[in-house]
Amino acid sequence: MPKYIFNGDSVFHNGSWETIRSLMSVLSPEEFNELAGEKAVDFFLETHRFCGICGSRTEPAPDREIKYALRCSSAGCAGHSRFMYPSYSIASITLVTRKKGKELLLAHNTAWPSDRVSLLAGFMQPGETLENCVRREIKEECGLDLLSVQYINSQPWPFPSNIMTGFYAEAADGEARPDGTELDRIIWVTRDELRKIQDGTSETGLVMPRKGSLARRLAEMWLTGKV
Ligand SMILES: [Zn+2]
(Lines give C-alpha, C1' and ligand atoms only; values in the text may rest on other atoms or scores of the structure.)
Protein backbone atom coordinates (compact mmCIF):
# COMPACT_ATOMS: atom_id res chain seq x y z
CA MET A 1 0.00 0.00 0.00
CA PRO A 2 1.58 3.32 -1.03
CA LYS A 3 2.28 5.74 1.79
CA TYR A 4 2.09 8.91 -0.28
CA ILE A 5 -0.38 10.40 -2.76
CA PHE A 6 1.08 12.59 -5.51
CA ASN A 7 -0.26 15.35 -7.73
CA GLY A 8 2.54 16.55 -9.99
CA ASP A 9 5.28 17.93 -7.74
CA SER A 10 2.96 17.95 -4.71
CA VAL A 11 2.49 15.18 -2.18
CA PHE A 12 -0.17 14.58 0.49
CA HIS A 13 1.68 14.26 3.78
CA ASN A 14 0.43 14.48 7.39
CA GLY A 15 -2.97 15.81 6.34
CA SER A 16 -1.97 18.50 3.87
CA TRP A 17 -0.55 19.01 0.40
CA GLU A 18 3.08 20.05 0.30
CA THR A 19 5.73 20.25 -2.37
CA ILE A 20 8.00 17.23 -2.65
CA ARG A 21 10.95 19.63 -2.51
CA SER A 22 9.89 21.04 0.87
CA LEU A 23 9.83 17.55 2.39
CA MET A 24 13.46 17.00 1.44
CA SER A 25 14.67 18.87 4.50
CA VAL A 26 11.91 17.48 6.75
CA LEU A 27 12.06 13.72 6.16
CA SER A 28 15.01 11.52 7.07
CA PRO A 29 17.15 10.34 4.13
CA GLU A 30 15.53 6.89 4.40
CA GLU A 31 12.01 8.36 4.39
CA PHE A 32 12.83 10.63 1.46
CA ASN A 33 14.25 7.67 -0.49
CA GLU A 34 10.99 5.80 0.15
CA LEU A 35 9.00 8.81 -1.09
CA ALA A 36 11.22 8.98 -4.19
CA GLY A 37 10.60 5.29 -4.88
CA GLU A 38 6.84 5.75 -4.65
CA LYS A 39 7.02 8.82 -6.89
CA ALA A 40 9.00 6.83 -9.49
CA VAL A 41 6.32 4.11 -9.50
CA ASP A 42 3.49 6.69 -9.61
CA PHE A 43 5.15 8.43 -12.59
CA PHE A 44 5.75 5.10 -14.31
CA LEU A 45 2.12 3.99 -14.00
CA GLU A 46 0.88 7.42 -15.14
CA THR A 47 3.07 7.46 -18.26
CA HIS A 48 2.76 3.78 -19.26
CA ARG A 49 -0.98 3.35 -19.58
CA PHE A 50 -0.64 2.25 -23.21
CA CYS A 51 1.73 -0.08 -25.06
CA GLY A 52 4.43 1.77 -26.99
CA ILE A 53 4.36 -0.88 -29.76
CA CYS A 54 0.65 -1.32 -30.59
CA GLY A 55 -1.14 1.29 -28.48
CA SER A 56 -3.27 -1.21 -26.53
CA ARG A 57 -3.82 -0.67 -22.81
CA THR A 58 -1.18 -2.04 -20.48
CA GLU A 59 -1.98 -4.35 -17.57
CA PRO A 60 -0.10 -5.58 -14.49
CA ALA A 61 2.38 -8.27 -15.47
CA PRO A 62 1.66 -11.57 -13.69
CA ASP A 63 4.02 -13.54 -11.49
CA ARG A 64 6.76 -10.95 -11.32
CA GLU A 65 8.84 -10.21 -8.29
CA ILE A 66 8.43 -6.50 -8.89
CA LYS A 67 4.70 -6.07 -8.40
CA TYR A 68 4.35 -2.91 -10.49
CA ALA A 69 5.73 -4.35 -13.73
CA LEU A 70 3.41 -3.82 -16.70
CA ARG A 71 2.86 -5.54 -20.05
CA CYS A 72 0.75 -4.97 -23.13
CA SER A 73 -2.77 -6.42 -22.74
CA SER A 74 -2.87 -7.58 -26.38
CA ALA A 75 -1.80 -11.24 -26.48
CA GLY A 76 -0.54 -10.97 -30.08
CA CYS A 77 1.83 -8.07 -29.35
CA ALA A 78 5.53 -8.46 -28.59
CA GLY A 79 4.90 -6.13 -25.62
CA HIS A 80 2.75 -8.85 -24.03
CA SER A 81 5.85 -10.79 -23.03
CA ARG A 82 8.30 -7.89 -22.82
CA PHE A 83 7.63 -6.41 -19.41
CA MET A 84 8.11 -2.76 -18.51
CA TYR A 85 9.57 -1.55 -15.22
CA PRO A 86 9.99 1.90 -13.68
CA SER A 87 13.07 3.53 -15.19
CA TYR A 88 15.31 6.31 -13.99
CA SER A 89 17.13 9.18 -15.64
CA ILE A 90 20.65 9.29 -14.24
CA ALA A 91 22.34 12.54 -13.32
CA SER A 92 25.74 13.31 -11.85
CA ILE A 93 26.61 16.07 -9.41
CA THR A 94 30.21 16.82 -8.58
CA LEU A 95 32.43 18.44 -6.00
CA VAL A 96 34.96 20.02 -8.39
CA THR A 97 38.03 21.04 -6.40
CA ARG A 98 41.45 22.60 -7.00
CA LYS A 99 44.55 23.41 -4.95
CA LYS A 100 44.66 19.90 -3.50
CA GLY A 101 41.04 20.00 -2.42
CA LYS A 102 41.24 23.36 -0.66
CA GLU A 103 38.86 25.20 -3.02
CA LEU A 104 35.47 24.14 -4.34
CA LEU A 105 33.70 25.25 -7.50
CA LEU A 106 30.15 26.59 -7.13
CA ALA A 107 27.97 27.68 -10.02
CA HIS A 108 24.81 29.65 -10.72
CA ASN A 109 22.40 28.13 -13.23
CA THR A 110 20.55 30.63 -15.42
CA ALA A 111 17.21 29.02 -14.45
CA TRP A 112 17.69 29.59 -10.69
CA PRO A 113 17.00 32.58 -8.40
CA SER A 114 19.94 34.99 -8.66
CA ASP A 115 21.40 34.18 -5.23
CA ARG A 116 21.36 30.37 -5.58
CA VAL A 117 24.56 28.45 -6.26
CA SER A 118 25.33 24.75 -6.21
CA LEU A 119 27.68 22.05 -7.44
CA LEU A 120 27.91 21.30 -11.15
CA ALA A 121 25.45 18.69 -12.37
CA GLY A 122 24.01 17.17 -15.52
CA PHE A 123 22.29 14.17 -17.06
CA MET A 124 24.09 11.12 -18.35
CA GLN A 125 23.82 10.48 -22.09
CA PRO A 126 23.28 7.06 -23.71
CA GLY A 127 26.54 5.16 -24.04
CA GLU A 128 28.37 7.10 -21.35
CA THR A 129 29.94 5.78 -18.19
CA LEU A 130 29.17 7.86 -15.12
CA GLU A 131 32.80 9.01 -15.01
CA ASN A 132 32.61 10.13 -18.64
CA CYS A 133 29.38 11.96 -17.87
CA VAL A 134 31.10 13.89 -15.09
CA ARG A 135 34.08 14.79 -17.28
CA ARG A 136 31.87 15.89 -20.21
CA GLU A 137 29.51 17.95 -18.08
CA ILE A 138 32.31 19.82 -16.33
CA LYS A 139 34.11 20.43 -19.62
CA GLU A 140 30.94 21.68 -21.34
CA GLU A 141 29.76 23.88 -18.52
CA CYS A 142 32.98 25.53 -17.42
CA GLY A 143 35.79 24.36 -19.74
CA LEU A 144 37.80 22.47 -17.12
CA ASP A 145 39.44 19.07 -17.57
CA LEU A 146 39.51 16.77 -14.57
CA LEU A 147 42.56 14.97 -13.20
CA SER A 148 40.52 12.49 -11.17
CA VAL A 149 36.89 11.48 -10.65
CA GLN A 150 35.79 9.50 -7.62
CA TYR A 151 32.30 8.19 -6.80
CA ILE A 152 31.01 9.26 -3.38
CA ASN A 153 27.29 8.80 -2.87
CA SER A 154 23.86 8.79 -4.53
CA GLN A 155 20.26 9.85 -3.94
CA PRO A 156 16.91 8.90 -5.51
CA TRP A 157 15.62 12.20 -6.91
CA PRO A 158 11.81 12.35 -7.34
CA PHE A 159 11.57 15.12 -9.97
CA PRO A 160 10.02 12.97 -11.29
CA SER A 161 12.09 9.81 -11.55
CA ASN A 162 15.85 10.33 -11.44
CA ILE A 163 18.83 9.16 -9.50
CA MET A 164 21.54 11.64 -8.57
CA THR A 165 25.05 10.23 -8.35
CA GLY A 166 27.63 12.24 -6.42
CA PHE A 167 31.32 12.55 -7.28
CA TYR A 168 34.51 14.20 -6.08
CA ALA A 169 36.85 15.54 -8.75
CA GLU A 170 40.15 17.34 -8.92
CA ALA A 171 40.37 19.91 -11.71
CA ALA A 172 43.39 20.31 -13.98
CA ASP A 173 45.01 23.74 -14.19
CA GLY A 174 43.07 26.21 -16.28
CA GLU A 175 40.53 28.97 -16.01
CA ALA A 176 36.94 27.99 -15.27
CA ARG A 177 34.45 29.94 -17.38
CA PRO A 178 30.66 29.57 -17.33
CA ASP A 179 29.26 28.37 -20.67
CA GLY A 180 26.87 31.34 -20.73
CA THR A 181 23.93 29.10 -21.60
CA GLU A 182 23.34 26.83 -18.64
CA LEU A 183 25.66 28.61 -16.24
CA ASP A 184 26.29 32.34 -16.02
CA ARG A 185 28.43 32.56 -12.89
CA ILE A 186 31.01 30.39 -11.21
CA ILE A 187 33.11 30.99 -8.11
CA TRP A 188 35.80 29.11 -6.21
CA VAL A 189 35.26 29.03 -2.44
CA THR A 190 37.34 27.92 0.52
CA ARG A 191 35.83 25.87 3.34
CA ASP A 192 35.52 29.04 5.45
CA GLU A 193 33.59 30.81 2.71
CA LEU A 194 31.28 27.86 2.06
CA ARG A 195 30.56 27.61 5.78
CA LYS A 196 29.51 31.28 5.78
CA ILE A 197 27.32 30.76 2.71
CA GLN A 198 25.59 27.84 4.42
CA ASP A 199 25.23 29.82 7.68
CA GLY A 200 23.79 32.82 5.83
CA THR A 201 26.65 35.07 7.02
CA SER A 202 28.55 35.38 3.73
CA GLU A 203 28.98 38.87 2.29
CA THR A 204 28.31 37.35 -1.13
CA GLY A 205 24.63 36.84 -0.20
CA LEU A 206 24.73 33.47 -1.93
CA VAL A 207 22.68 30.49 -0.75
CA MET A 208 23.19 26.76 -1.22
CA PRO A 209 20.49 24.14 -2.00
CA ARG A 210 18.28 23.06 0.87
CA LYS A 211 19.31 20.54 3.50
CA GLY A 212 18.55 16.97 2.50
CA SER A 213 19.69 17.42 -1.11
CA LEU A 214 22.68 15.45 -2.33
CA ALA A 215 24.38 18.74 -3.28
CA ARG A 216 24.17 19.88 0.32
CA ARG A 217 25.20 16.49 1.66
CA LEU A 218 28.31 16.41 -0.55
CA ALA A 219 29.16 19.98 0.43
CA GLU A 220 28.91 19.00 4.12
CA MET A 221 31.25 16.07 3.49
CA TRP A 222 33.79 18.41 1.88
CA LEU A 223 33.45 20.90 4.76
CA THR A 224 34.07 18.25 7.37
CA GLY A 225 36.99 16.66 5.52
CA LYS A 226 35.17 13.41 4.76
CA VAL A 227 36.09 13.72 1.08
ZN1 LIG B 1 1.21 -3.88 -27.54
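Could you grab me the full set of residues in region 89-107 that are under 30 Å from Arg57 (Cα atoms) and buried (at least 17 other Cβ atoms within 10 Å of the Cβ)?
Taking region 89-107 and keeping what is under 30 Å from Arg57 (Cα atoms), we get 89-90.
Of everything in region 89-107, just one residue is under 30 Å from Arg57 (Cα atoms) and buried (at least 17 other Cβ atoms within 10 Å of the Cβ), namely Ile90.
Yes or no: Arg98 within 16 Å of the ligand (Cβ to nearest atom) and either charged (D, E, K, R) or within 15 Å of the chain's Cα centre (by Cα) (or both)?
Details: within 16 Å of the ligand (Cβ to nearest atom): no; either charged (D, E, K, R) or within 15 Å of the chain's Cα centre (by Cα) (or both): yes.
No, not satisfied.
Return the residue satisfying two criteria in turn: it lies in region 65-75 and is in contact with a strand residue (DSSP E or B) (Cβ under 9 Å, 6 or more places away or on another chain) and within 23 Å of Ser89 (Cβ to Cβ), and of such residues it is surrounded by the fewest Cβ atoms within 10 Å (Cβ to Cβ). Spell out how you get there, then give the answer.
Keep residues of region 65-75 that are in contact with a strand residue (DSSP E or B) (Cβ under 9 Å, 6 or more places away or on another chain), which gives 67-74.
Next, from what is left, pick out any that are within 23 Å of Ser89 (Cβ to Cβ): 67-71.
Details: Lys67: 8, Tyr68: 16, Ala69: 17, Leu70: 21, Arg71: 19.
The extreme case among them is Lys67.
Based on what the data block shows, is Val149 assigned to a strand (DSSP E or B), of a type in the set (A, V, I, L, M, F, W, C), out of contact with any Pro (no Cβ under 6 Å at 6 or more places or on another chain) and under 21 Å from Ala215 (Cβ atoms)? Reasoning before the result, please.
Details: assigned to a strand (DSSP E or B): yes; of a type in the set (A, V, I, L, M, F, W, C): yes; out of contact with any Pro (no Cβ under 6 Å at 6 or more places or on another chain): yes; under 21 Å from Ala215 (Cβ atoms): yes.
Yes.
Counting only residues that are surrounded by fewer than 14 Cβ atoms within 10 Å (Cβ to Cβ) and free of Cβ contacts under 8 Å to residues at least 12 places away in the same chain, which one in region 180-205 is nearest to Ile138 (Cα to Cα)?
Here the answer is Gly180.
Restricting to region 31-61, name every residue that is within 16 Å of the ligand (Cβ to nearest atom) and either modelled with pLDDT under 95 or surrounded by fewer than 13 Cβ atoms within 10 Å (Cβ to Cβ) (or both). Walk me through how you get there before you give the answer.
So in region 31-61, the residues within 16 Å of the ligand (Cβ to nearest atom) come out as 47-61.
If the condition is that a residue be within 16 Å of the ligand (Cβ to nearest atom) and either modelled with pLDDT under 95 or surrounded by fewer than 13 Cβ atoms within 10 Å (Cβ to Cβ) (or both), then Thr47, Arg49, Gly52, Gly55, Arg57, Pro60, Ala61 are the ones that fit.
Mind listing just one residue for me: the one in region 116-139 that is under 15 Å from Trp188 (Cα atoms) and not aliphatic (A, V, I, L, M) and, of those, surrounded by the fewest Cβ atoms within 10 Å (Cβ to Cβ)? Break it down stepwise before answering.
Within region 116-139, the first condition is being under 15 Å from Trp188 (Cα atoms), and the residues that meet it are 116-120, 138.
When the remaining residues are screened for being not aliphatic (A, V, I, L, M), the result is 116, 118.
Numbers: Arg116: 15, Ser118: 20.
Once the filter is applied, the top-ranked residue is Arg116.
Name the single residue that is farthest from the ligand (Cβ to nearest atom) among those in region 78-88 being more than 20 Å from Asp42 (Cα to Cα) and surrounded by 17 or more Cβ atoms within 10 Å (Cβ to Cβ).
His80
Can you give me the number of residues within region 161-179 that are surrounded by fewer than 16 Cβ atoms within 10 Å (Cβ to Cβ) and either in the same structural domain as Glu46 (by TED's automatic domain parsing) or among the acidic types (Asp, Glu) (or both)? Can you show your working first?
To start, the set of residues in region 161-179 that are surrounded by fewer than 16 Cβ atoms within 10 Å (Cβ to Cβ) comprises 172-175, 177, 179.
In the following step, the residues that additionally are either in the same structural domain as Glu46 (by TED's automatic domain parsing) or among the acidic types (Asp, Glu) (or both) were identified as 173, 175, 179.
Qualifying residue count for the region: 3.
Give me a count of the residues in region 192-227 that are assigned to a helix (DSSP H, G or I) and either closer than 15 Å to Tyr168 by Cα or in the same structural domain as Ser22 (by TED's automatic domain parsing) (or both).
Taking region 192-227 as the starting set, the residues that turn out to be assigned to a helix (DSSP H, G or I) are 192-199, 214-223.
Among the residues that remain, those that are also either closer than 15 Å to Tyr168 by Cα or in the same structural domain as Ser22 (by TED's automatic domain parsing) (or both) are: 214-223.
Matching residues across region 192-227 total 10.
So, in region 140-160, how many residues would count as being aliphatic (A, V, I, L, M), touching a helix residue (DSSP H, G or I) at 6+ places or on another chain (Cβ under 8 Å) and surrounded by fewer than 21 Cβ atoms within 10 Å (Cβ to Cβ)? Working first, answer last.
Applying the first criterion (aliphatic (A, V, I, L, M)) to region 140-160 yields 144, 146-147, 149, 152.
Retained after the next criterion (residues that are touching a helix residue (DSSP H, G or I) at 6+ places or on another chain (Cβ under 8 Å)): 144, 146, 149, 152.
Pick out the ones that are also surrounded by fewer than 21 Cβ atoms within 10 Å (Cβ to Cβ) and you get 146, 149, 152.
Residues that pass the stated criteria total 3.
The values are calculated or read from the model by the stated rules, or taken from the named source; none is laboratory data. For clarity, every value in this text was computed on a predicted model and none was experimentally measured. So basically every Cβ, Gly included, is an ideal-geometry build from the backbone, and we count neighbours across all protein chains shown.
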